[in-house]
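Quick note: the coordinates plus some simple rules give every number you see, no bench work behind them. What you see is a predicted model; the values in this text were computed from it and never measured. Neighbour counts are summed over all protein chains in view; Cβ atoms, including those assigned to glycine, are modelled from backbone coordinates with ideal geometry.
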Amino acid sequence: MNATGRGEPAGEPLDDYVGGPDATVRATARALAKADDAAALVLVEGILDQIALETVAARRGRDLEAERIVIVPIGGAHAIGRFLTSLGELATRVRLAGLCDLREEELFRRAVAAHVGADLSRDDMERLGFHVCVKDLEDELIRALGTAGVEAVFDAEGDLGLFRLFQGQPAWRDRPSEAQLYRFIRSSARRNLRYAHLLVEAAIDRDTLPRPLGALLTAV
């Protein structure tokens, strides 16, 4: 596992996370191949969340494979109910946890509530190990590091000049810096996945890791 390398996620090589619309399907299949022997399944919306959590775990010195903790990208929050149902008996004998974006919180809450047979508040969800990014993972990381912190990572990766060109585009030059950072990071799938790893590492180095990431892994 690549715990400290720059530019690659902590688990599989980056190329294994990208590669067209089937990337999430492949990542889900790899995760589910380990599910029967799992002690815990961490259900996340997509590969971006998987990379971020694997990076946190590696930097904390945790071996998720040895602990039998499997992070499963489910292919979007709308799949959560169907996914829990598909787990069948497995969902009753493994620890379940998860991560979602704020706009998808209600989808996760309804599905988990149906699974446990009780109404759930956000506090209840957190006690079960399900956490929410506000508004999403990229936004959490940008707020955790601040504009200067994110730009320092861009600079270290040789992307600051490209970001400055992006900032100068007419459509973006007058936008808030946080919005510029957010759009630049998300402007390509590969960049988004790469910076999920890099910004998590930077946040850990600065002791500003977003709470949902740290709390989730503490819970499993």
³J(HN,Hα) across region 37-47 via Karplus (A = 6.51, B = -1.76, C = 1.60, θ = phi - 60°), whole Hz, x for Gly/Pro? 9, 7, 8, 8, 10, 9, 8, 10, 5, x, 5
Per-residue ellipticity at 222 nm for the chain, helices alone: DSSP H runs ≥ 4 residues times -39500 (n - 2.57), over residue total, nearest 500 deg cm²/dmol? -16000 deg cm²/dmol
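Tell me the chymotrypsin sites (Phe, Trp or Tyr not before Pro) within region 167-220 that lie in a loop according to DSSP and have at most 14 other beta-carbon atoms within 10 Å. Write out the running numbers ahead of the final one.
Working: sites: Trp172, Tyr182, Phe184, Tyr195; in loops: Trp172.
Counting only loop positions with at most 14 other Cβ atoms within 10 Å, the chymotrypsin sites (Phe, Trp or Tyr not before Pro) in region 167-220 are Trp172.
What is the sum of charges around Leu102, taking Lys and Arg as +1, Asp and Glu as -1, for the other residues whose C-beta is under 11 Å from the C-beta of Leu102? Don't jump to the answer; show the numbers that get you there.
Numbers: positive: Arg103, Arg122, Lys135; negative: Asp101, Glu104, Glu105, Glu106, Asp136, Asp139, Glu140.
Local net charge: -4.
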Exposed loop GluC sites (Glu not before Pro) only (DSSP loop, at most 16 other Cβ atoms within 10 Å): please give the longest stretch of the chain free of them, not including the sites. 1-88
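Please report, to one decimal in angstroms, the Kirkwood hydrodynamic radius of the chain built from all distinct Cα-Cα pairs. The partial results should precede the final answer.
Working: mean 1/r = 0.0560 Å⁻¹.
Here the Kirkwood hydrodynamic radius works out to 17.8 Å.
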Would you mind checking which residues have amide H under 5 Å from Val72's amide H? H placed 1.01 Å from N; only 5 or more apart, or other chain. Val42, Leu43, Val44
Hey, got a sec? Which trypsin sites (Lys or Arg not before Pro) in region 146-207 land in a DSSP loop and have at most 14 other Cβ atoms within 10 Å? Arg173, Arg186, Arg206
Read phi for every residue in region 194-211 and hand back ³J(HN,Hα) as whole Hz from Karplus 6.51 cos²θ - 1.76 cosθ + 1.60, θ = phi - 60°, with x for Gly and Pro. 4, 6, 4, 5, 5, 6, 4, 4, 5, 5, 5, 4, 9, 6, 10, 4, x, 4
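Work through the residues other than Arg59 whose Cβ is under 11 Å from its Cβ and net out their charges, Lys, Arg +1 and Asp, Glu -1. Display every interim value, and only then the final one.
On the way: positive: Arg60, Arg62; negative: Glu54, Glu201, Asp205.
Surrounding charge for Arg59 is -1.
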Evaluate region 138-205: find the radius of gyration of its Cα atoms, find its Kirkwood radius, and give the ratio Rg to Rh. 0.93
Neighbour-count ranking for Val200, Val70 (other C-beta within 10 angstrom, fewest to most) reads Val70, Val200
Can you pull the three principal axis extents for the Cα set of region 61-185, in Å, largest first? 54, 32, 24
Using amide H atoms built in the peptide plane, which far-off residues or other-chain residues are under 5 Å from Phe130 H to H? Gly98
In whole angstrom, the spacing between the Cα centers of region 129-183 and region 47-74 equals 24 Å
